[in-house]
Amino acid sequence: MLKKCYAKIILEYPRWTLLLFLGVVSFLAYEATKLEIDASAESLILEDDQDLRLTRLIGERYGSPEFLVIAYTPKEDLLSDKTLANLKGLSETLMGIEGVASLVNLLDVPLLESPPLPVKETVRQIRTLKSPGIDKALARKEFLNSPIYRELLVSPDFKTTALQINLKEDKVFRELLDRRNTLKEKRRETRLDTAEQEELQTVEATFKTHRDLMRIAQHKLIRDIRAAMARYDTEATLFLGGVTMASDDMITFIKHDLKIFGTGVMFFLMIILWLIFRQIRWIVIPFLCCLVSVVVTCGFLGMFGWEVTVISANFISLQIIITLSGTIHLIVRYRELVLADPHASQKQLVLDTVSSIDKPSLYCVLTTMAGFASLVLSDILPVIHFGWMMTLGVAFSLIITFLLFPTVLMLLPKTPPNMAFESHFRLTQRLARLTERHGKMILASAFILLGLSVAGMTRLFVENSFINYFGKTTEIYQGMTVIDRELGGTTPLEVLVDFKDENARPSSEALQNGAEDQTFSEFDAEFEAEKDKAQYWFTSQRMKEVEHIHDYLNAIPETGKVLSLGTMLKVGRMLNNGASLDNFQMALLYNDLPERFRKILLSPYVSVENNQVRFSIRIRDSDPTLRRDELINRIRRELPEKTGIASERIHVTGLMVLYNNMLQSLFTSQILTLGVVLAAILFMFMILFRSLKIALIAICPCLISVLSVLGFMGWMKMPLDMMTITIASISVGIAVDDTIHYIHRFRREFERGCGRYVAIMHLCHGSIGFAMTYTSVVIITGFSILGLSNFIPSVYFGLLTGVAMLFALAANLCLLPRLILSIQPFGPETKTLEN
């Protein structure tokens, strides 16, 4: 039926077919302009993560705004008049930028020890660097020794300072996000009624529109901030950091790589195709097939509002690989038929080409789709979307290749193929001889490779270091490194501790120390009347627990700056001649400290009304020994043991925990379910080949390919992160393609009467082997250009794709035929070779 459709419609009316095809493609090309990239933190977390709810609660309860950080290293001394004047000018410029709410910088932070004063006087007379008569020597000493400012506001060598830019809160975005999350949570737990379903659709559409506008505003904000920084780059070295900036820069890097390296890859592919086939048509047709496949897939994604995330950013490259593979197989088969029957008509040659390769191509698509369908087992929405993207893309690649290739070819005259490359290319014949003569060595090598791969897999580790996503020469890497090493770390981690509700009466000793001009009876009456006021919350026992927790967190080697109520307690001890602040002195600070200073020193770290304290921790992301999952679990395990606080009162969360949860979920759903995926593909092989023996042989190259890539990553100490963890599915897809084509061709030749297995193997290596080798050479060479990218995930993708292609080719041209020769799954050999 398919053959009749080609003969009577597509090949009979190629111009009309192409015209109709181009009309559909033009419409989808317009829809492709709607495709967007989402590199936000929200796209990389689990939607039903309990830690996500806790992180959002922190933002609401402690007023933690989004912020950016400028690392400012002046050429002159940090406290010189010129430097301070430049900092003032930069701060004023930044405050004039739309979207900036406030600044925290060297000029405006409270100086509590310059000079040291009693607590009451310190609270009443908060001084800053702008205050008249300030002693810069004392200020320098305070900045370098203060538990608050050292490694947060200034570097330990006092050469770099930080300017924290607090961004304005988008209340509309927050309201839409909260309402959307509430409805989604209800949908997961119960069911939404009709009105709520309609509301969710409306809220999601409104949220997406508003978020897109917000991204444009954020991009402009970052661009304006960098423009303001550029005015002072002759006076200082400046770097910008922060989660918002990293997300925006990541989108820029992805777009840059898609544009520059996408073009570069296609250019390299065209050069290699020319070197192999030496005819313009075999460059133009593959190029058109790849281009149209990508455009059509992007059009569908844009039409249905799907977004490209950091995880799915490589889908275009993958689709090019899959489309190119199918096109090269068609080219090689067509050239074979032209050589076999030079007098056949163009229509007959094209029809025979398509009909002879349609079944294995369909089988390849089905099994490759099964490999990518494994991604939908993930709990992460962008990963699920990536799975569906590639499933859809693979299907489109098949349809477009089998429509565009024969249609365009029918419009071109029949020409004899240029076989100059094949006449000198002897690799497939050498591999055939190697397989024939050294079968035991090939099988032994396969077992050794399998053992090494398994050993390498035991070295795999799951990590996600954003700082290592960028080349060391890039501004974002250098800036994050300065902030990470000199200003306390980059990745935020939060620890919340709930206290038991207690209204203990302060001791008489505390009363005497804290209320110099009040009598016990006066306080007793006040305490009984207002015992629930905030000042009675700061008991000595609680403060001891806070300091104990703070000291434990600060002593962990992987942590950078730790800020908490314990930081203020240490500062208070300095103000109080080495003695701890008592209940009343802490209450004085809490109640009488000016609001703008309280927002810096106390409000972010204590919630009296909720009986809770917060510890804000920065993790040094550039530490090569950092193992995030191990660190999080260690804190959760050791903190109750070392402090005696019940584990249910301790909550570890924050952006680092959210990303780690995502990565662990992805590892579980992809790596640990790999066996299930291979079992599913084995089942599909049994259906396709209708033989358990052939299916078991066919699964071996797939197994070798995927395990070899994972083993290679383990030996090379390449982390499994959100960008590289999908390589397992990619490896399966690449290996399956070659395996099916080879077995299908081998069985076809055997059924034709070419009953000698060795002869058939040489025949297959000299035909389908060329297509497999050409595909691998073209893709490995073309994608090697990604090694020049400054976006490290693109470098890894190019390298791992090449490794996967290489192992798949070796397995399918050596191990697979050796197993076929040894097992003879198609039946006993015949003694004669019939044509």
Subject >> Subset of the stretch 564-588 (residues that are open to solvent by less than 20 Å² (accessible area, probe 1.4 Å) and within 30 Å of T491 (Cβ to Cβ)) >> reply: S564, L565, G566, T567, M568, L569, V571, G572
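For the stretch 592-609, which positions are part of a helix (DSSP H, G or I) and under 26 Å from E66 (Cα atoms)?
E595, R596, F597, R598, K599, I600, L601, V608, E609, listed by residue number.
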**OP:** Select from the stretch 759-785 the residues that are out of contact with any strand residue (DSSP E or B) (no Cβ under 8 Å at 6 or more places or on another chain) and open to solvent by 10 Å² or more (accessible area, probe 1.4 Å) and list them in ascending order.
**Re:** H762, G766, I768, F770, V777, I780, T781, S784, I785
Original post:
Among (1) within 23 Å of L54 (Cβ to Cβ); (2) open to solvent by 10 Å² or more (accessible area, probe 1.4 Å); (3) assigned to a helix (DSSP H, G or I); (4) in contact (Cβ under 8 Å) with a residue 60 or more places away in the chain, which single condition is N633 missing?
Top reply: (4)
Original post:
Does the stretch 719-732 contain at least one residue that is polar (S, T, N, Q), in contact with a Cys (Cβ under 9 Å, 6 or more places away or on another chain) and outside any loop (DSSP other than H, G, I, E, B)?
Top reply: yes
**OP:** Look through the stretch 684-723, keep the residues that are among the hydroxyl-bearing types (S, T, Y) and crowded, with 24+ Cβ neighbours inside 10 Å, and return whichever of them is nearest to N468 (Cα to Cα).
**Re:** S708
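Out of the stretch 339-356, which residues are aliphatic (A, V, I, L, M) and open to solvent by 10 Å² or more (accessible area, probe 1.4 Å)?
Restricting attention to the stretch 339-356, the residues satisfying the condition of being aliphatic (A, V, I, L, M) are 339-340, 344, 349-351, 354.
Of everything in the stretch 339-356, those that are aliphatic (A, V, I, L, M) and open to solvent by 10 Å² or more (accessible area, probe 1.4 Å) turn out to be L339, A340, A344, L351.
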Original post:
Of all residues in the stretch 351-374, how many are of a type in the set (F, W, Y) and closer than 20 Å to K8 by Cβ?
Top reply: 0
Original post:
Residues in the stretch 429-446: is at least one surrounded by fewer than 22 Cβ atoms within 10 Å (Cβ to Cβ), within 31 Å of the chain's Cα centre (by Cα) and of a type outside the set (D, E)?
Top reply: no
Original post:
Picking from L35, L20, L57, which residue would you name as being at pLDDT 75 or above, open to solvent by less than 80 Å² (accessible area, probe 1.4 Å) and farther than 25 Å from H219 by Cβ?
Top reply: L57
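Is it the case that some residue within the stretch 750-758 is among the acidic types (D, E), open to solvent by less than 10 Å² (accessible area, probe 1.4 Å), more than 16 Å from I320 (Cα to Cα) and in a helix (DSSP H, G or I)? Don't jump to the end; show me each part of the working.
As a first pass, look at the stretch 750-758 and keep what is among the acidic types (D, E): 751.
Subset that is open to solvent by less than 10 Å² (accessible area, probe 1.4 Å): none.
Checking the stretch 750-758: not a single residue is among the acidic types (D, E), open to solvent by less than 10 Å² (accessible area, probe 1.4 Å), more than 16 Å from I320 (Cα to Cα) and in a helix (DSSP H, G or I).
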Original post:
In the list I283, I251, I272, I276, which residue meets the criterion of being within 29 Å of G782 (Cα to Cα), part of a helix (DSSP H, G or I) and at pLDDT below 80?
Top reply: I251
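Quick one: which of I148, I165, I134 is in contact (Cβ under 8 Å) with a residue 60 or more places away in the chain and closer than 27 Å to R573 by Cα? I'd like the intermediate steps shown before the answer.
Numbers: I165 fails: closer than 27 Å to R573 by Cα; I134 fails: in contact (Cβ under 8 Å) with a residue 60 or more places away in the chain.
Step by step, each of I148, I165, I134 is checked, and only I148 is in contact (Cβ under 8 Å) with a residue 60 or more places away in the chain and closer than 27 Å to R573 by Cα.
Kindly indicate the residue of the stretch 152-188 that is in contact with a Gly (Cβ under 7 Å, 6 or more places away or on another chain) and among the aliphatic types (A, V, I, L, M) and also least open to solvent (accessible area, probe 1.4 Å) among those meeting that condition. It would help to see each step written out before you state the result.
Our first condition is that a residue be in contact with a Gly (Cβ under 7 Å, 6 or more places away or on another chain); within the stretch 152-188, this holds for 152, 167-168.
Checking which are among the aliphatic types (A, V, I, L, M) leaves us with 152, 167.
Values: L152: 40, L167: 16 Å².
Looking at the filtered set, the residue picked out is L167.
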Subject >> Residue satisfying all of: in the stretch 67-95; assigned to a loop (DSSP other than H, G, I, E, B) and over 24 Å from P594 (Cβ atoms); most open to solvent (accessible area, probe 1.4 Å) among these >> reply: K75
Original post:
Looking at the stretch 189-202, is at least one residue within 24 Å of L52 (Cα to Cα), in a loop (DSSP other than H, G, I, E, B), open to solvent by 40 Å² or more (accessible area, probe 1.4 Å) and of a type in the set (S, T, Y)?
Top reply: yes
**OP:** Answer yes or no: is there a residue in the stretch 734-744 that is open to solvent by 10 Å² or more (accessible area, probe 1.4 Å), at pLDDT below 85 and not hydrophobic (A, V, I, L, M, F, W, C).
**Re:** yes
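The values are calculated or read from the model by the stated rules, or taken from the named source; none is laboratory data. Just so it is clear, the structure is predicted and the values come from calculations on it, not from any experiment. Note that we place each Cβ from the backbone using ideal geometry, even for glycine, and neighbour counts take in every protein chain shown. Quick note on the areas: whole protein, heavy atoms, side chains included, nothing else; ligands and nucleic acids left out. Shrake-Rupley method; radii C 1.70, N 1.55, O 1.52, S 1.80 Å.
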